[in-house]
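The values are calculated or read from the model by the stated rules, or taken from the named source; none is laboratory data. Model, not experiment: these values are computed from the prediction. Glycine gets a Cβ as well: all are built from the backbone with ideal geometry, and neighbour counts include every protein chain shown.
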Amino acid sequence: MSQDTIYWRSFEELTNHPEFIKDSLREFNIPSPTELEQAQAPDRRDFLKKVGFGLSAAALASCEAPVRKVIPFLANPDNVDYSNANWYASSYMLDGEYCAILVKTKAGRPIKIEGNKLSSVTRGGTSVRVQASVLGLYDNSRYVKPQIDKKNATWQQVDEALAAAVKTGKRTVLVTPSMPSPSFEALVARMQAAIPGFEHVVYDALPASGIIKANKESFGQAVVPSYDFSKANTVVSFDADFLGTWLSPVEFSRAWARTRKLGPNNKRISKLFVVEPLMSLTGANADQRIMAKGSALGSHVAALYNAVMARTGGSARAVVAGVDQKAIDKMADDLVANRGRSVVVAGSNDPAQQTLVNGINFALGNYGTTINLNTPVRTKQGTEEGIAGVLAGLENGSIGTVLFYNTDPVYTHPQGAALKAALKNATGVSLDSAPTDTADACKIVAAAHHYLESWNDFEPKTGFFSLQQPAISPLFETRQAEDTLLKLAGVGETYYDFVRATWRSRVFPQQTEYKGFNQFWNYALHDGIFEVGRPSLRGKDFAPNGTGDADERYEYLSLSGTAPAAFAGNVGSAMSAVTGQAAGQGLELVLYPLMGMMAGVQGNNPMLLEFPDPISRVTWENYVTLAPTKAVELGVSLAEGRTSLVKLKVGGKELTMPAIVQPGQEKNTIGLAVGYGRTVVGEAGKGVGQNAFPFVNLSGGFQSYVVSGVSVENTKEEYMLGHVQTSHTNAGRPVIQEATLAEYQKNPTAGREFPMITTPDGKMKPTDLSLWKTEVNKRPNHAWGMVIDLNSCIGCGACVVGCNVENNVAVVGKQEVVNRREMHWLRIDRYYSSTKTREENATNEELETAAENPRVTFQPMMCQQCNNAPCETVCPVLATTHSTEGLNQMTYNRCIGTRYCANNCPYKVRRFNWFSYPQNKENFPTNPANDPLTRMVLNPDVTVRARGVMEKCTFCIQRIQDGKLTAKKDGRRPVDGEIVTACAQACPTEAIIFGDMNDPNSRVQLAIKEQYSERAFRVLEEYNTRPNVSYLTKIRNA
Amino acid sequence: MNVTASVRPPLVNGGKTVADVTHDISRQVEAGPTKLWWAAFVVSLGLLAWGTYCLLTTWWVGIGVWGLNKTVGWAWDITNFVWWVGIGHAGTLISAVLLLFRQKWRMAINRSAEAMTIFAVLCAATFILAHMGRPWLAHWALPLGNTYGSLWVNFNSPLVWDVFAISTYLTVSLVFWYIGLIPDLATIRDRANTPIRRFVYGILAFGWNGGAKDWSRYEAVSLVLAGLSTPLVLSVHTIVSMDFATSLVPGWHTTIFPPYFVAGAIFSGFAMVQTLLLVTRTVFKLEDYITIEHIDSMNKIIMVTGSVVGIAYITEFFIAWYSGVMYEQYAFTNRMFGPYWWAYWSMMSCNVISPQMFWFRKLRRSIAFSFIISIVVNIGMWFERFVIIVSSLHRDFLPSSWAMFSPTMYDIGDYIFSFGLFFTLFFLFAKFLPVVNMAEVKSIIKGSSADPKEEYNSSSFGNREAAGRAVATEASADATQSPNI
């Protein structure tokens, strides 16, 4: 090898580059880990610098840090924790309906109304109206300031204008609905004393004046008696919708439903006969239902009178024609067999009918047991003469000032238009909180508080006191109406002090338990009620969420009255009066109030407007109801919400309205609901339905809802209704299971379906066949379950609205209901019986056609929380999963909206957010989530769902979580009844029982154990979805 | 010798030479677009534009713009999805299954059938996205790593199977189609007379040089992809059918669905291929390549699969009756006599009755009649999916929830979008890419084209070279066959 040859590895080596020389000294050409560490370690000086900076920064920061007040309270008030709810006992008194309530407030805002279980009147039940009324507080149509001549004014100006108005020397009239309030009555007395020519007129839009008149004649007492349906074995109702809209439906529903509960130890239920022209909620719950024209109701009452008299040894009158005597005889037999344990009621305002009813009840000895004249119902005191006098006084100019408080006669009175015109002759003053047709016609609007901002007291029945307290300080510059009146009367105290004073002088002396008034007051305010003669409730637990069988937990006051000595009604003239009506031939219009709207006081309440009527299942308007035969005659058909407009003519008035076909309606009767079509109303109620009040018949001096001389014609113009249920029968499917009482008594499983699956190993129960491993369904901690008694569910819908409010369910508006997209998590399916049964080899068409006078079943349907949930397996992203407590959970955040779960849900209870319902005021103006004010009603514990996600019932998981945490903090297990879903809590009949099935003593577990071998069934059992919701068969006392 | 029975009619008519093949097929790629093409393309773009407006509205406002409701959660969206996926099946069947079955007549049509497959699957994918309530979260349906803890997709859900099936199908079809295109792209590159064309097709041709190694690898990959695609023909629609079959909706819960859906997919796919080819062969004057024999064969497949579908319909009814389940029985009675009877009877007459006409050879070979039937079949297959989805959902278990579905402008508009997309892509394809696989067709003109001797004599020297290449291709493609000549 030559010396000249240089072998090199790189140019650097060849050129002897300094880098190369440097690197050649190192064994490895990369730094070793230790070298790296040394290179990166901070050196001493850096360390000192950092320490020095840190110290000085800390020192500087501590010198002059500004003090920021993050808590607005100087001292945090007791019990203020914004994550916890506060409950206030109060009272609901609106439109003649009383309910003892609890108001749930969260972060200072009332967000939910529940029933107060301590009340012996309503016993914790609620109605749709009560449940929805919390929205009225945040109604964005409310008056925010007082107004004079439609311009905002100050309270001083209003007070001055009012003071001037009552000093004209003319009469001053205060028109109110029935105000069964001791303090208000005292206030009226003070006003009478202070203002010369002052009168108080009670005007009820839906009066019970016929009953008052008849009782005055029969027994010398001008009152509406109280009825105790819980003691009645037989109930006969002549068009008195006592479960839905008549007098005190919450109280009556609760009482009546107690007679409908069945179990191994109770094999008897009451029997309900209903005679009515239209299908009412009560008629839908009837065991025997007779269709009769409105004008023929009187002759039916007369026939029953005769039949009862014949059996009780009284003197029967002339034979009545035109009635189904056989049915009447059956009724009479049943009534007479249950003397003293029956009730006959009539909804008519005709004193003659009511006199005969009194006669029947008297002959049956029902007074003092089921009917009580000693504790009259004080929520319906209005008579027709009062408002007629106001109208006359306004027209002749003798009235100078008229004050309207919580009443809207311009809208609700048949002569409202005349009243409106006559109001120009006087100073009209409205004491309303939101615009009404009447307020609009008034010069002065003394904008009032909502009832949740007000103090008041009520005595719905004599001796049953109830307090109303504000649950929030006033939202606007409004003033409680009573305060305005006190000021007008020159009383220098607030209404709160006035109520206290009234209680000190009137109520306090009626008890002996409390020595000091303040102590008594605090107790009464806490409980919300005070009932004379009731044992103390002190020491009883007061869990606002508590349910349990309230009837077992609380002793209620149940006053037995004394029977009146004699019946002094003039039967002869009553007989001739009622039988004279039967002459009415041809078409007849029957007006009636709907469950949600009643007389329309809450006409701007979007949840009530979107509440589907339990019978018709139509939302967002009123409509003409036609019997199926009449509809065929007119060429009206109702399919998928599509119907036609009909022109209804009564006398000179006419209305063009959509028609629906209503099975169970008398064929020559046309139904039309009042309470819709207010012209001055907020955004939600605007243009909703049409006003039927002008059709109310005043000719007899008593408001009559039966109007003759009616014609109806089909305009053939197509119209779409927001109809949430368009198939009306159960099509012979065992989704509802029913039997008669006789069958049940013979065999407690009567009516049940026991599906069996044919397998190679023979027939097997569906539950014995499963794809799933059984461990999947283990519930180590809780197992939430629900039992729904179809027998005591009356279909009222309180649960539906309760659920909507609790769970922030979006109100989507009529168009979306037309599109079949209402968002209700809980619905009440209403099924009519069909013309023919499956056993009779009916065709599908026959199965899907409702009978002429169908039996009706209501079935609350919500997520069944299936243990083998079909929805869960198909979700691609695990957005719906099962909890270890048996809940079918929905994770909104995870949902991508494929809707596969909804398709695969056999119960069709899942609801999809087709649009962005919140934050979309433009398209969904009535959704509470869309307005800064209405949004305040939202439950902060429940997510407001975004566009594109699926939602559904989860057994009010927020309440379950809350209850579990409360129990955990106390170091115990949740007790039965502590955790309750919104639907179960709202239910006036305790038809829904919720609880932990792992707790052997829970009511739900007991009900399942007790009923499983008898009445409990699960819907679509053959699919082995294993729902956690069980239903109890419907048993009819037919 | 190529094993071709002498009685068998030639697969390419008109005595085409390899040069003719190159020329005939490259012609429309190299020439400027015709007026007819422009007209058709503008119409497609119009549809696409209108459809895009509707689709964007749907995405912006929410799927509430559709006619769906609380009871009918799927309607046109999934109908369209299944319809398009079904149409896509023909491409794979022709290119993969018929390749394995050595049906050489497929060579003239596989290119456009595959392109159609890809475009159809893209259209189908549109509806997967569009039907979601929150399409911007569509990636949650993929088993991607995430920061949500152990949150994973639900492998029990047929929709997740769908995601895998469709994405695999799209990928494999796309790769298969493109690999097949490479030799032809190189041909166009080599013939290019403008630098841009040479550059673009050069890039697209992946540096193909026509060497033996290229051909050998090409053949190997084609075979592997054909093997991969074959099970996909069966799996994709099987899985799509499981969206329904694994649910418990009466009318969906049917074990017959997988084979029935696959047959239906091939049925509709062939009908769509037929529609497109009948137009293409006329417009591009490819009657010699896409011959009446092709039309006849396709019609036979349409008739067979149509009959399979018809039997499936009848079987469904029998099983509904035989099951004794009232809900099932109702679902099927409701199909026939319920409110959607018209959809059902449209389906029956289009899918079951009309293909039976193809028992007549004369009708099978009638271009006009084939065209009409191919469209009728696709209408029928759309109704089939509509009937399955809507008429089953609208009246399921609880009568209280029964409802009707009627489409809105946006249901229709989004469907139009898919047509716009499909035809825009197809016309672009037809203009810029060779619609017939030149390389493969060259392999069959020897044995199967009319009068090969005449062709050989008249061919020029240059073409002879090309022919030699084609022979090499065929030799490697059909290794089991005896070499040509």
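Structure summary
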item	result
Qualifying positions in the range A:755-774 - more than 13 Å from chain B (Cβ to nearest Cβ) and touching a residue at least 24 places away in the same chain (Cβ under 8 Å)	A:Thr767, A:Leu769, A:Ser770
Residue satisfying all of: in the range A:860-885; among the polar types (S, T, N, Q) and part of a loop (DSSP other than H, G, I, E, B); surrounded by the most Cβ atoms within 10 Å (Cβ to Cβ) among these	A:Gln865
The range A:926-947 - residue that is within 14 Å of another protein chain (Cβ to nearest Cβ) and buried (at least 21 other Cβ atoms within 10 Å of the Cβ) and, of those, nearest to A:Gly136 (Cα to Cα)	A:Asn927
Any chance B:Arg281 is part of a helix (DSSP H, G or I), surrounded by fewer than 23 Cβ atoms within 10 Å (Cβ to Cβ) and out of contact with any helix residue (DSSP H, G or I) (no Cβ under 8 Å at 6 or more places or on another chain)	no
Where A:Lys145 falls short, out of the listed (1) more than 23 Å from A:Tyr82 (Cα to Cα); (2) out of contact with any Gly (no Cβ under 8 Å at 6 or more places or on another chain); (3) crowded, with 24+ Cβ neighbours inside 10 Å	(3)
Condition check for A:Met950: within 14 Å of chain B (Cβ to nearest Cβ) and at pLDDT 85 or above	yes
Entirely in the range A:359-433, the helices (runs of 4 or more DSSP H) that have 2 or more residues that are more than 32 Å from the chain's Cα centre (by Cα)	A:384-396, A:416-422
Scan of the range A:816-845 for residues that are facing chain B (nearest Cβ under 10 Å) and at positive phi, ordered by number	A:Arg820
In the range A:886-900, residue farthest from A:Val944 (Cα to Cα) [restricted to those that are within 29 Å of the chain's Cα centre (by Cα) and either facing chain B (nearest Cβ under 9 Å) or outside any helix (DSSP H, G or I) (or both)]	A:Gly886
Members of the range A:858-878 found to be facing chain B (nearest Cβ under 9 Å) and more than 29 Å from the chain's Cα centre (by Cα), listed by number	A:Pro870, A:Glu872, A:Thr873, A:Val874, A:Cys875, A:Pro876, A:Val877, A:Leu878
Helices (runs of 4 or more DSSP H) (entirely within the range A:124-240) containing at least 1 residues that are in contact with a Phe, Trp or Tyr (Cβ under 9 Å, 6 or more places away or on another chain) and of a type in the set (Lys, Arg)	A:128-132, A:182-194, A:209-219
Qualifying residue in the range B:295-312 (condition: buried (at least 21 other Cβ atoms within 10 Å of the Cβ), at pLDDT 90 or above, under 23 Å from the mean Cα position of the chain (by Cα) and of a type in the set (Ser, Thr, Tyr))	yes
Residues within the range A:818-853 that are under 24 Å from A:Ile794 (Cα atoms) and either aliphatic (A, V, I, L, M) or part of a helix (DSSP H, G or I) (or both), tallied	6
Matching helices (runs of 4 or more DSSP H) fully within the range B:323-400 where at least 1 residues are away from every other protein chain (no Cβ under 14 Å), acidic (Asp, Glu) and in contact with a helix residue (DSSP H, G or I) (Cβ under 6 Å, 6 or more places away or on another chain)	B:367-386
Some residue of the range B:221-232 being under 17 Å from B:Ala120 (Cα atoms) and in contact (Cβ under 8 Å) with a residue 40 or more places away in the chain	yes
Residue list for the range B:238-278, filter: among the polar types (S, T, N, Q) and in a helix (DSSP H, G or I)	B:Thr238, B:Ser241, B:Ser268, B:Gln274, B:Thr275
Residue check for B:Leu144: part of a loop (DSSP other than H, G, I, E, B) and within 14 Å of chain A (Cβ to nearest Cβ)	yes
The range A:995-1038, residues that are assigned to a strand (DSSP E or B), away from chain B (no Cβ under 14 Å) and of a type in the set (Val, Ile, Thr)	A:Ile1035
Exclusive hit being part of a helix (DSSP H, G or I), within 23 Å of B:Val97 (Cβ to Cβ) and out of contact with any Pro (no Cβ under 7 Å at 6 or more places or on another chain), set B:Tyr178, B:Tyr201	B:Tyr178
The range B:149-183, subset aliphatic (A, V, I, L, M) and in contact with a Phe, Trp or Tyr (Cβ under 8 Å, 6 or more places away or on another chain), residue nearest to the other protein chains (Cβ to nearest Cβ)	B:Leu159
Some residue of the range A:904-925 being at the interface with chain B (Cβ under 9 Å from one of its Cβ atoms), among the charged types (D, E, K, R) and assigned to a loop (DSSP other than H, G, I, E, B)	yes
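Matching residues to (1) at pLDDT 90 or above; (2) within 14 Å of chain A (Cβ to nearest Cβ); (3) buried (at least 20 other Cβ atoms within 10 Å of the Cβ):
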| site | (1), (2), (3) |
| --- | --- |
| B:Ala212 | no, no, no |
| B:Ser229 | no, no, yes |
| B:Val233 | no, no, yes |
| B:Ile239 | yes, yes, yes |
| B:Val249 | yes, yes, yes |
| B:Leu276 | no, no, yes |
| B:Lys285 | no, no, no |
| B:Tyr289 | no, no, yes |
